Amino acid sequence: MSEAANDWPKVRLHVVTGKGGTGKSTVAAALALALADRGKNVLLCEVEGRQGIARMFDVDPLPPEERRLTTGLPGADGRPGVVHALHIEAEAALLEYLSLYYKLGRAGRALDRFGVIEFATTIAPGVRDVLLTGKVFEAVQRNTRNKGAIQYDAVVLDAPPTGRITQFLNVSNELAGLAKVGPIKSQSDTMMTLFRSPRTAVHLVTVLEEMPVQETADGIAELRSADLPVGGIVVNLVRPQDLSADDLARSHSGTIDRSEVEADLEYAGIAPGPALVDGLLSEAHDHAERRALEDSQRVLVGGLGGPTYELPRLPLGVDLGALYELAASLRDQGMA
Amino acid sequence: MTKARTRQGPTGTQAHALDVDALIDDPATGIIVCCGSGGVGKTTSAAAIALRAAERGRKVVVLTIDPARRLAQSMGIEELDNTPRPVSPVDTSGGGWLDAMMLDMKRTFDEVVESQASPEKAQQILENPFYIALSSSFAGTQEYMAMEKLGQIHAQAAVDGSYDLIVVDTPPSRSALDFLDAPERLSSFLDGRFIRLMLAPARGPAKLMTAGFGLITNALTKILGGQVLKDLQTFVSALDTVFGGFRQRALRTYALLQADGTAFLVVAAPEPDALREAAYFVERLSEDRMPLAGLIVNRASPAPAGTLSADEAMAAAERLRKRDPESLTAGLLRLHADQTRMVEREARLRERFATAHPQVATAVVPALAGDVHDLEGLRRIGDLLAGQ
C-alpha cells in the first residue's frame, strides 16, 4: 500500500490501547512493523514496565533508552525501515527531563539522593503519567535540546488499558490540582496540544465479546469528551471464517446432511465413523454459536465510528513471524 | 520499584485436580482470594465460587472490584455504596446466603482517614490535592483498599457471625503480584527518605539534613511553585499522624492472608502471558508461605471429539477443496484442525506450568459460547469449576 493511501497519513503518534487480554501489545508491535517501510524510522514505546517488547521480539530486556529493535515490514519497493524500541521508565524520564530543562546541578542529584524522584513518581500517578507521556511527546516532537537524536517518522505507544487511557493522556487535567501555574503547567499544555491534534490517533483493540466491546464504547466516549482523537478499532483474535453464511446457519440449526459429510470424508480418504461425524457437527454448532455472537458484537463495533481492522486468532500463538504476518494484514487493510 | 524476582523450581508432589467443592464446603475455609492478571475472568470466577458456596450452605459475601455492568446489575450491586447487598434469587435451602459488594476505593480510603483523625484534621487531609491524588490513583491504592475492606468485613463477621466465607476478587492489574505487594509498597512509601526528610524539621535529630533540605526545597519551588510545596508539606505531616495506624492494619490483614482459613485461587487464561503471571504468583505465595488452593485455567478451548489429527484434517480439506472450493465438509475439517491446534497448544502450555509447579491443583474451565452476565451463567461456571 502506498504512503498516501493509508488511513492515517497525518498521524505521527499512534497510541494503542485495549482491555487486558485483547492483545494490544501485539497490535502495537505489528503496527510499528507495518509503519516501518521505505527507510522510515519508527519508535515503539512501552510504559508499563513489563518488558513486553523484549519478550515479543525475543531480545534482551530493554534499558530505559532508545534501541534499534528490528527492521520493519518491507514496502512495495522491497525496502524496509527500522523499528526502534523504548522502554520508558518514570524515574529515568524525570532525571532526563530535569537535566534537559533545568540547570539544577547539585540540587538535581540531591533530589534523587533524598528520594524525591521515587516520591514524585510513586505518590501521584498523575506525575508518573506526565513523565511517561512527556517522554513520548519528546520522541514525537524532537527539538534542539536533544542533539543528535533520531527523528522518527512515527511513534507507536503501547499504552495503558482502555479503562485508564483518557486519564493517562489527559495530562494537564491530571496535574490541574497539583500545578496550577509554572513551567510544568505550560509544558503539560504543550503536550496536550499534540495529543489533541490530528497528528495523534488513539486506536482501540478489542475482541468480539460483550465486555471488551462495551469497554471500547465507553473508552471512545471518554476520549471524545476529553477532545482526544479517536483512531481506528482493531478487532483482534477473530475466529476463522471457514464456513459460508449458509453453512453456518445450517450448523447452528443442526440441519446439515450427515450423508453428504460422510460421502465427502470417504472421498478424502478418511473413514467416516459416527463419532467423527458427530464431533465435526458439534464443533460446527459451537463455532456457529460463537460466530453469531461475534457478528452481533461486530455490528456494535461498526456503529462506534471510525475505521475498523480485523486480525485473525492464530491457533499457534504469536511469534516473531506472526508479528510480520499481522503487520502485513494491517497494511493491506490500510491502517499503515 | 519492583524488586528483582528469583524463580523457583518444582516442589512437592504431584497434585490432583482442584476440588472446588471440597474447598468451599470445608468450614475451615474462611477467605478465598481470587488473583490473576487482567482479563482472565477473575471477577466471574470469584462470583461463581461465591454463589456456589452460598447455595451449598455457606454464608457468603463476595467483594468485587470492577465487575462488568450487566453482571453487576444481575447481582444487584451496580451502585457503589461500599455496603454488602443481598443477591437474589439464591437457593437458600441449604441455610446459606450471598451478599455482594463493589469496592469504592476512594470512599474506603476516606473512611479510614475519618476514623483516624479529628474532624478538622480529617477535613484538611481530604481536601489536600496530594491526598486526592494518592487516594484516587496511587499505584496500589486499590489493592490496599481491597485488603482494608477485607479486614473490616472479616472483623465484623467475627463479631456478628454475618458471614462464614468471604470471597475476594482482586483489582484488575497487569501483575497478579500487585495485590500482595500493596501493603509493602505503602509501607516503603511512608518510610521513604523524602517523607522522613519533609518531616525532619519538626523533629530533633534530623537537623543535620537541613542544609540538603534547603537545596531541595529551592529546587522543588523552582519546578513546582511555592503553593505546591506547601500542600506537600501539609500532606506529609498529615501522613505522619494518620497513616501510622495504616501500616499496622496492613500488616494485620497480611497476616490474616497467611492464616489457615485463607485460600488463594490463582486464575489464568491458557495463554503464555497469563500463565507466566500465574507462575510468578504461585512462586511468590509459596515464598511468603501463603496458602495456595489451586489454579483455575479459564476459557480453555473445548477439546474436539475423535482422534483425527490437525494435519490429517487439513490434508483431507485440501483434497475436498480441489474438487469443490465451496465444500462444506472441507470447512468442517479446517475448523476441526484449527480447534485441535488450539487445544494442543493450550495443553502444552498447561503441561509446562504443571512441570514447573507440580504441587498446584488445577481446574480447567472450558470456554462458554456466550458471555456470562446473570446468575444462571454463574451457576454454569460453578458447575464447570467443580468438574460437573
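Scanning segment A:228-282 for residues that are within 30 Å of A:VAL205 (Cα to Cα) and touching a Gly at 6+ places or on another chain (Cβ under 8 Å) returns A:VAL230, A:GLY231, A:GLY232, A:ILE233, A:VAL234, A:ASN236, A:LEU237, A:ASP242, A:LEU243, A:SER244, A:ASP247.
If only residues of segment A:266-291 that are acidic (Asp, Glu) and at the interface with another protein chain (Cβ under 7 Å from one of its Cβ atoms) are counted, the one that is surrounded by the fewest Cβ atoms within 10 Å (Cβ to Cβ) is A:ASP278. Would you check if there is a residue in segment B:313-325 being touching a residue at least 24 places away in the same chain (Cβ under 8 Å) and open to solvent by less than 40 Å² (accessible area, probe 1.4 Å)? Looking through segment B:313-325, at least one residue is touching a residue at least 24 places away in the same chain (Cβ under 8 Å) and open to solvent by less than 40 Å² (accessible area, probe 1.4 Å). Among the residues of segment B:342-370, count how many are of a type in the set (A, V, I, L, M, F, W, C) and within 14 Å of another protein chain (Cβ to nearest Cβ). Summing the residues that are of a type in the set (A, V, I, L, M, F, W, C) and within 14 Å of another protein chain (Cβ to nearest Cβ) in segment B:342-370 gives 7.
Condition first: more than 10 Å from chain A (Cβ to nearest Cβ), modelled with pLDDT under 85 and in a helix (DSSP H, G or I). Can you find one or more residues in segment B:159-178 that meet it? Yes, the conditions are met somewhere in segment B:159-178. Which number in (1) free of Cβ contacts under 8 Å to residues at least 60 places away in the same chain; (2) open to solvent by 10 Å² or more (accessible area, probe 1.4 Å); (3) in a helix (DSSP H, G or I) marks the one condition that A:MET56 misses? The number of the failed condition is (1). Report yes if A:GLN241 is more than 24 Å from A:VAL83 (Cα to Cα), open to solvent by 20 Å² or more (accessible area, probe 1.4 Å), of a type in the set (S, T, N, Q) and in a helix (DSSP H, G or I), otherwise no. Here the answer is no, as A:GLN241 does not meet what is asked. Annotation note: Cβ proximity below 7 Å between a residue of segment B:61-77 that is more than 14 Å from chain A (Cβ to nearest Cβ) and touching a residue at least 40 places away in the same chain (Cβ under 8 Å) and a residue that is part of a loop (DSSP other than H, G, I, E, B) and of a type outside the set (A, V, I, L, M, F, W, C) (sequence gap 6+ or interchain) occurs for B:VAL61/B:PRO84; B:VAL61/B:TYR163. Of the residues contained in segment A:43-63, one or more are found to be touching a Gly at 6+ places or on another chain (Cβ under 9 Å) and modelled with pLDDT of 90 or more.
If you check B:LEU275, B:LEU257, B:LEU332 for being within 14 Å of another protein chain (Cβ to nearest Cβ), touching a residue at least 24 places away in the same chain (Cβ under 8 Å), in a helix (DSSP H, G or I) and among the aliphatic types (A, V, I, L, M), only one passes: B:LEU275.
Within this structure, A:SER259 fails the test of being of a type in the set (S, T, N, Q) and under 42 Å from the mean Cα position of the chain (by Cα). Just so you know, in segment B:281-308 the residues that are open to solvent by 40 Å² or more (accessible area, probe 1.4 Å) and within 13 Å of chain A (Cβ to nearest Cβ) include one that is nearest to the chain's Cα centre (by Cα), and it is B:ARG299. Looking only at residues in segment A:13-34 that are open to solvent by 20 Å² or more (accessible area, probe 1.4 Å) and on the phi < 0 side of the Ramachandran plot, the one that is nearest to the other protein chains (Cβ to nearest Cβ) is A:GLY20. For A:PRO80, indicate whether it is at negative phi and surrounded by fewer than 16 Cβ atoms within 10 Å (Cβ to Cβ). So A:PRO80 fails the test. Condition check for B:GLU114 on (1) under 24 Å from the mean Cα position of the chain (by Cα); (2) more than 30 Å from B:ILE24 (Cα to Cα): one failure, at (1). Just so you know, in segment B:78-98 the residues that are at pLDDT 80 or above and over 19 Å from B:ASP160 (Cα atoms) include one that is nearest to the other protein chains (Cβ to nearest Cβ), and it is B:VAL87.
Of the residues A:THR255, A:THR308, the single one that is more than 30 Å from B:LEU349 (Cα to Cα), of a type outside the set (Phe, Trp, Tyr) and open to solvent by 70 Å² or more (accessible area, probe 1.4 Å) is A:THR255. Selection of first residues in segment B:104-122 that are farther than 14 Å from B:ALA146 by Cβ and at pLDDT below 85 and of second residues that are among the polar types (S, T, N, Q) and not in a helix (DSSP H, G or I), restricted to Cβ pairs under 6 Å at least 6 apart or on distinct chains, gives an empty result. With the condition kept exactly as written, say whether any residue in segment A:321-335 is acidic (Asp, Glu), surrounded by 13 or more Cβ atoms within 10 Å (Cβ to Cβ) and touching a strand residue (DSSP E or B) at 6+ places or on another chain (Cβ under 8 Å). No, segment A:321-335 contains no residue that is acidic (Asp, Glu), surrounded by 13 or more Cβ atoms within 10 Å (Cβ to Cβ) and touching a strand residue (DSSP E or B) at 6+ places or on another chain (Cβ under 8 Å). Close contacts from segment A:202-224, counting a first residue that is free of Cβ contacts under 8 Å to residues at least 60 places away in the same chain and a second that is open to solvent by 10 Å² or more (accessible area, probe 1.4 Å), with Cβ to Cβ under 7 Å and a gap of 6+ residues or different chains, come to A:GLN214/B:ARG69; A:GLU222/A:THR166; A:LEU223/A:THR166; A:LEU223/A:VAL230; A:ARG224/A:VAL230.
The values are calculated or read from the model by the stated rules, or taken from the named source; none is laboratory data. Since this is a predicted model, take the numbers as computed values, not measurements. Cβ coordinates were reconstructed from backbone atoms using ideal geometry, including for glycine residues, and neighbour counts include every protein chain displayed. Side chains included, ligands, DNA and RNA excluded: accessible areas come from the protein's heavy atoms. Shrake-Rupley method; radii C 1.70, N 1.55, O 1.52, S 1.80 Å.
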